[in-house]
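*Asks:* Just passing along the structure, written as structure tokens.
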Amino acid sequence: MKLQQLRYIWEVSRHNLNVSATAQSLYTSQPGISKQIRLLEDELGVEIFARSGKHLTRVTPAGESIIELAGQVLRLTDNIKHVSQEHSDERRGSMAIATTHTQARYALPPVIREFTGRYPDVALHMQQGTPRQIAQMVSDGQADFAICTESLDLFNDLVLLPCYRWNRCVLVPRGHPLAEADPLTLETLAAHPLVTYVFGFTGRSQLDDAFRAKGLSPNVVLTAADSDVIKTYVRLGMGVGIVAHMAVDPEQDDDLVALDAGHLFASSTTKIGIRRGTFMRGYMYDFLKGFAGHLERELVEAALEAGPRHEDELFRDIELPVR
């Protein structure tokens, strides 16, 4: 059994059983991958993949267990490399962040600027996607941290670190009737067309829950994953925008009126998800503390040790900052 064979079956499963796509991603040949998978199956005495002719059709029950274990082995070998890097040069390496547009655009820039200034030799990679996609990236080992508000708790292998609480504001063009609304109510909002986040993004579930609790059916005429897109359509008169408070720039959005909506909706919590078993470099701990000051190294280590679904009690008495 070779590490190369384990990597092949892991990557093939991640590429939806497409051997050709796997070969391209690994810069090797399709026949070479197929041959090594066959050799591994012969050695183990079980089929990892079911086949129809030359095509892989599904992962067998035995294959599911083998591939899961192969992923663990590959992560451990990566950790060995990281240990050696940590001791050879603790200020050099790489770090991959998976996050949403709102976090990348509004929450992360000052943190990234400070981090890169302190660690210029750390290659930083940022990937954007839906909350589910970025959680999957971390679960699969494609990224070190997932930073978002929704969906992280759907992945049982992620340790979740609460970072800060936030709420929403209502955006309208200057001169809009709601600009002078006092008080602003859910009933008032429900009477207007709304432009807000796609379900599953940036705390959208709390917004829907608030209207539902009042027996209201909001008239959502347009949804987007990007708060800047929402603001664009508010400017076009499509409707009233509801966005994260942090997504309003007083200078760039001075043509819009931002109305605080914290009294209408439950606050949301942005969290960082880390796959249990991730080898944490020293600069990774520094990044976490830069993003959320209460994430001291000792607290993060305790959460990783406690593991998924057991880390919450560590944060029970911590008052999260509000942004």
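*Asks:* Under 18 Å from a point placed 7 Å out from the Cα of residue 235 along the Cα-to-Cβ direction: which residues of the stretch 99-126 have their backbone N that close?
*Replies:* Only 102, 105-106 pass the distance filter.
*Asks:* How much of the accessible area of the chain, in percent, comes from carbon and sulfur atoms when a 1.4 Å probe is used?
*Replies:* 49 percent
*Asks:* Once Rh for the stretch 2-53 is found with the Kirkwood sum over Cα pairs, what is the Stokes-Einstein diffusion coefficient at 25 °C and 0.890 mPa s, in µm²/s? Don't skip to the end; give the middle numbers.
*Replies:* Values: Rh = 11.0 Å.
For these conditions, the coefficient is 224 µm²/s.
*Asks:* How big is the stretch 110-200 by Rg and Dmax over its Cα atoms, in Å?
*Replies:* Final numbers for Rg and Dmax: 18.9, 53 Å.
*Asks:* Next up: Treating the Cα atoms of the chain as identical point scatterers in vacuum, please give the log10 of the normalised Debye intensity I(q)/I(0) at q = 0.07, 0.13 Å⁻¹, two decimals.
*Replies:* Reported log10 I(q)/I(0), two decimals: -0.37, -1.02.
*Asks:* Whole-Å semi-axes of the stretch 247-323's equivalent ellipsoid, largest first, each the root of 5 times a Cα gyration tensor eigenvalue? Before the final figure, lay out each step's value.
*Replies:* Details: eigenvalues 201, 55, 22 Å².
The answer is 32, 17, 10 Å, longest axis first.
*Asks:* What's the tally of Lys pairs in the chain whose alpha-carbon atoms lie under 25 angstrom apart, where the two lysines are 8 or more places apart or on different chains? Each step should come with its number before you reach the end.
*Replies:* Values: 2/35; 2/54; 2/81; 35/54; 81/289; 231/271; 271/289.
Pairs that pass both the separation and distance tests number 7.
*Asks:* Per the Cauchy relation, a quarter of the hull surface: what is the mean projected area of the convex hull of the alpha carbons in the stretch 165-323, in nm²?
*Replies:* 11.0 nm²
*Asks:* Report the local net charge at residue 323: Lys and Arg +1, Asp and Glu -1, summed over other residues whose C-beta lies under 13 Å from its C-beta. Numbers along the way, then the final one.
*Replies:* Details: positive: 165, 168; negative: none.
So the surrounding residues net to +2.
*Asks:* How far is it, in nm, from the label point at residue 279 to the one at residue 113 when both lie 7 Å from their Cα along the line to the Cβ?
*Replies:* For residue 279 paired with residue 113, the spin-label model returns 3.4 nm.
*Asks:* So, in nm, how far is label residue 140 from label residue 21 when the simple model puts each one 7 Å beyond its Cα toward the Cβ?
*Replies:* Rounded to a tenth, the inter-label distance reads 0.8 nm.
*Asks:* Something else now. Per residue, how much accessible area does the stretch 245-306 show when a 1.4 Å probe rolls over the protein heavy atoms, in square angstrom? Could the numbers behind the result be given before it?
*Replies:* Working: 2640 Å² over 62 residues.
Each residue of the stretch 245-306 exposes 43 Å² on average to a 1.4 Å probe.
*Asks:* Residue 147: accessible area at probe 1.4 Å, nearest 10 Å²?
*Replies:* Roughly 0 Å² of residue 147 is accessible to a 1.4 Å probe.
*Asks:* State in Å² the accessible area per residue of the stretch 1-68; use a 1.4 Å probe, count heavy atoms of protein chains only, and round to the nearest integer. Could you put the intermediate results ahead of the total?
*Replies:* Details: 4120 Å² over 68 residues.
Here the residues of the stretch 1-68 average 61 Å² of exposed surface.
*Asks:* Could you give the alpha-carbon Rg of the stretch 26-168 over 2.2 N^0.38 Å, rounded to two decimals? Let's see the in-between values first.
*Replies:* Details: Rg = 19.4 Å, N = 143, 2.2 N^0.38 = 14.5 Å.
The value comes to 1.34.
*Asks:* What does the charge add up to near residue 130, with Lys and Arg as +1, Asp and Glu as -1, over the other residues with Cβ less than 12 Å from its Cβ?
*Replies:* Working: positive: 132, 204; negative: 150, 226.
With Lys, Arg at +1 and Asp, Glu at -1, the net is 0.
The values are calculated or read from the model by the stated rules, or taken from the named source; none is laboratory data. Only a predicted model underlies this, so the values are computations on that prediction, with no experimental measurement involved. Counting neighbours? That spans all protein chains shown, and the Cβs are built from the backbone with ideal geometry, glycine included. Side chains are part of the model used for accessible areas, which takes the heavy atoms of the whole protein and leaves out ligands, DNA and RNA. Shrake-Rupley method; radii C 1.70, N 1.55, O 1.52, S 1.80 Å.
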